[in-house]
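Accompanying notes for the structure given below.
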Amino acid sequence: MYRYDEFDRRFLERRVAQYRDQVRRRLDGRLSEDEFRPLRLQNGLYLQLHAYMLRIAIPYGTLSSAKLRMLAHVARRYDRGYGHFTTRQNIQFNWIKLEQTPDILAELATVELHSIQTSGNDIRNTTADPFAGVAADEIEDPRPYCELIRQWSTLHPEFSFLPRKFKIAVSAAATDRAAVRVHDIGLYLRRNAAGEVGFEVLIGGGLGRTPMIAKTLRQFLPKQHLLSYLEAALRVYNEFGRRDNLFKSRIKILVQSLGIEKMREAVEAEWAAMDKGALELSPEAIADVARHFAPPLYAPPGDDDEESLDRASRANPAFARWLERNVAAHKAPGHAIATISLKPPGRSPGDASAEQMELVADLADAYSLGEIRVSYEQNLVLPNIRRAALPEVWQRLDAAGLGTANIGLASDIIACPGLDFCSLANARSIPIAERLSAHLAARDREIGDFHIKISGCINACGHHHVGHIGILGVDKNGEEFYQITIGGSADENAALGAIVGPAVSSEQVTNAVDNLIGVYLRLRSDGERFPDTYRRVGLAPFKEALYAAH
Amino acid sequence: MPHGFAPAATPAASESVADAIRQAATGNRLRDGIPVYFTAEGAWSPAIDDAAHVAGAAADALLREAQSRNAAATPDAVIAPYLIEVVDAGGRLRPVTLRERIRAFGPTTRRAAG
Amino acid sequence: MPLIKEGRVVVDPWRHLGDDEALRDGEAATVSLQRWSRDREALCRRDGPIGLRLPNDVTPSTLAADVARFALIVLSFPRFTDGRAYSQARLLRSRFGFQGELRASGNVLRDQLLFMRRCGFDAFELDDHAPVAEWLAAFHEFDLFYQPAEDGSSAIMHRRLHPRGFV
């Protein structure tokens, strides 16, 4: 992964010093809250219900064991012993004291971690496929480009006061594991007919109050133009994005009001007028960054690797289920990608204790060439495991409560922190997730691939719009109600869920979900995944199941 | 489970709601962000039971008092005090809204502590 | 209003005229965009530096032909959260070759000064009550930058993107 050089380290030191001074000026009253708020937000510090919340960036979801150990240390020393992984591959700590944040950032900086631009109206953490660099279905590792975007966007002087936040996601595989189509800018790394590498550039996707699927801005952008093209798009947004209405400020609203053709015209015109030389990515520049991500030397598979794996499966059905569910194909023979579920049924989704983080760091060192990934589904990934080592890895995970074999199943629920933590929320989400996951876990296998996503407010940090079943918490006269949507999808066939009907009470949610899943199980043809069943039968049978009974 | 907290419940219909509802002033403490409540002694306490609470017309005065006791620009400053509705349940104060109950008594989740 | 220019606080030598205020001979005066459009001929003919106050919702290409006539262009931050003038500044410098004074006015916060300078601003309106030393210190919080910008400061990406030198 990317390793800082002297420049990166000193830059981060300057940032920490700047922030330390800002906190000092706030605490002694020289800065008012209004003046301080944008500064702390640009360092990822929110004021929430119980304390400050610090959101730490995990660039393109990639961590080293040293970084993960530092996060465990922060959890232990400055928080309540755990952290929460988010739908943007970042980590959040909920119990932070403002007066300690300069020290926290200083400690994070020692392992090249930071919280720069994890909030504010600026360019946020660029997220990527958590299997980047190792997936069997990948064209080329997208992370060098993500790193270049990170550098280009860090403290960008022109784009630090945008109309609103700006989120970029990148995928280079046939399967989109980064929800690219619901980002402000989405990038699919592709090869054209001539075999050249470039990007399909999508624009105007997003969730929240007015969810939209991104449209194609440019079918193929040669890779050397990536940064200059992004600069052109951001400049058009900075100039023309609405600033009069907080709820209409994202670029998706601009794309919608101009139409994609006019948007394209504007971006292409700006790009044509730009002097692109300064931001052009020469082959040497790309190679220099790519070197940091060069695949390690993978040990060749042993002759009886598969046999021993087979024996272990037959000896232990729980391991066999984990192998089948949590382990994905690696591009190097004899290796595998293992996803660690942070969704034990009945517990808060996406949380990991300091001890669990340290265990995963140890496993990364012992089995995964020191690397860990974070997925937007709020799980962790060990991307480089020798297949023969999978049984031992699972044993150690299982002993720490990290062995749940539910990746992509109904109990692998995405949920935002919700009203239990977040000052923006209207309703709680975690208790719903706890109840549902506990209830559904026994039927995970029977149901098959199923994505339930829960948000505690319309900001949709839980991605409810793109869940097979989406659940949105609302406040109706001081009581928590839940609006259910269905048919959403976050992958390359992204779709927004349709509202099934009037919101149901908290007590009715489990029953409602049961009914909807019941319809799916009844109507699906053999092996048919939910999105295909839904497309085939439409909304009506689901609506009927939920509301006809009333 | 923190006292006075019943998840997903609103004030019981049996309470004479209009009579029982009083107002208290709260904010988040600057240096550590924790919710604090304005007391009758003019201080700020993390315990909601310490909060001064007044009926209807006196609420504005309470808030002004809370804001004025917060003019000092020190680490103990409180950010943007505001009024909340509480009911006095036998000497213990319980906020009317779920959001303020969560602020007063903590999250309602089971933590995944491994 | 005092200004920061070239690392110190100076008195503003310019007069900022309303649309119907008379210009004095030879004085340094700024006019609104509206007045510039209305009185362009006369303003071009007169002696004395002329400056323009450009609203932040007007694209700089509007001025393309006239940029060289202005000794000063004043850009506006109506609220500090409204960052349109950062783009205007960069375009005026790089695309339209503006070489005069580029001034940030309006809701200018100390912690934005460095961003502004990097976008090509070289003069900054200062609150009357602003602690001057603190404001001046803001320019020195970073001496390292990632991406290229307009103030000629060296950006690491110059070297990283063009390891064999930039032609």
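What follows is calculated from the coordinates using simple rules that are stated; it is not laboratory data. Owing to the predicted nature of the structure, the values given are computational and were not obtained by experimental measurement. All Cβ positions, glycine included, derive from the backbone under ideal geometry; neighbour counts span all protein chains shown.
Annotations for the structure displayed:
- Rounded to the nearest 20, the Cβ-based charge dipole of the protein assembly as shown about its Cα centre (Lys and Arg +1, Asp and Glu -1) stands at 540 debye.
- Using C-alpha pairs under 8 Å with a sequence gap of at least 6, the mean separation divided by the residue count of chain A gives a relative contact order of 13 percent.
- Two-site label geometry, C:ASP127 and A:ARG3: point separation in nm, points 7 Å out along Cα→Cβ: 4.6 nm
- At most 12 other Cβ within 10 Å, DSSP loop - trypsin sites (Lys or Arg not before Pro), the stretch A:301-390: none
- DSSP bridge orientation in the protein assembly as shown - percent antiparallel, rounded to nearest 5: 70 percent
- Charge dipole (debye, nearest 20) of the stretch C:3-142; +1 at Cβ of Lys and Arg, -1 at Cβ of Asp and Glu: 500 debye
- q = 0.10, 0.13 Å⁻¹: log10 I(q)/I(0) that the Debye formula gives for the stretch A:385-532, counting C-alpha atoms only: -0.37, -0.60
- With each label modelled as a point 7 angstrom along the Cα→C-beta vector, the C:VAL9-B:TYR82 pair spans 3.7 nm.
- Cα centroid separation, the stretch A:87-137 to the stretch A:400-425 (Å): 19 Å
- The stretch A:135-292 - share of DSSP beta bridges that are antiparallel (%, nearest 5): 80 percent
- For A:PHE36, the shell of other residues with beta-carbons less than 10 Å away shows a net charge of +1, using +1 for Lys and Arg and -1 for Asp and Glu.
- Long-range HN-HN contacts of B:VAL86 with modeled amide H, under 5 Å: B:ARG22, B:GLN23, B:ALA24, B:VAL96
- Distance-filtered residues of the stretch A:396-431 - backbone nitrogen under 16 Å, label point 7 angstrom along A:ASP526 Cα→Cβ: none
- Taking a ≥ b ≥ c as the square roots of the Cα gyration tensor eigenvalues, the protein assembly as shown comes out oblate, since a/c reaches at least 1.5 and a/b does not exceed b/c.
- Candidates per GluC sites (Glu not before Pro) in the stretch A:148-257, loop by DSSP, up to 13 other Cβ within 10 Å: A:GLU196
- Look at where the Cα atoms of the stretch A:1-37 and of the stretch A:288-360 average out, and the two centres are 38 Å apart.
- Rounded if a/c under 1.5, otherwise prolate or oblate - the stretch A:193-325, Cα gyration tensor axes: oblate
- At R0 = 30 Å, FRET efficiency that the Cβ-Cβ distance of C:ASP66 and C:ASN107 yields, to 0.05: 0.65
- Computed from backbone phi with θ = phi - 60° and the Karplus coefficients 6.51, -1.76 and 1.60, the 3J(HN,Hα) list for the stretch C:17-29 is 8, x, 5, 10, 7, 6, 8, 8, 4, x, 6, 8, 9 Hz; x is used for glycine and proline.
- Taking chain A as a whole, the Cys residues whose C-beta sits 4.7 Å or farther from every other Cys C-beta are A:CYS146, A:CYS422, A:CYS457.
- DSSP-loop chymotrypsin sites (Phe, Trp or Tyr not before Pro) across the stretch A:1-97, with at most 14 other Cβ within 10 angstrom: A:TYR4
- Inter-chain Cβ neighbour average for residues C:142-152, partner chain, 10 Å: 6
- The magnitude of the dipole of the stretch A:166-285, with charges of +1 and -1 set on the Cβ of Lys/Arg and Asp/Glu and taken from the Cα centre, is near 620 debye.
- Over the protein assembly as shown: helical MRE at 222 nm, DSSP H runs n ≥ 4 each giving -39500 (n - 2.57), nearest 500: -9500 deg cm²/dmol
- Evaluated at q = 0.20 Å⁻¹: base-10 log I(q)/I(0), Debye formula over Cα of chain C: -1.35
- Distance from the C-alpha centroid of the stretch A:440-455 to that of the stretch A:205-281: 36 Å, rounded to the whole angstrom.
- Spin-label pair C:ALA137/A:ASP449, simplified geometry with 7 Å Cα→Cβ offset, distance in nm: 5.7 nm
- DSSP-defined beta bridges in the stretch C:3-142 - what % are antiparallel, rounded to 5: 25 percent
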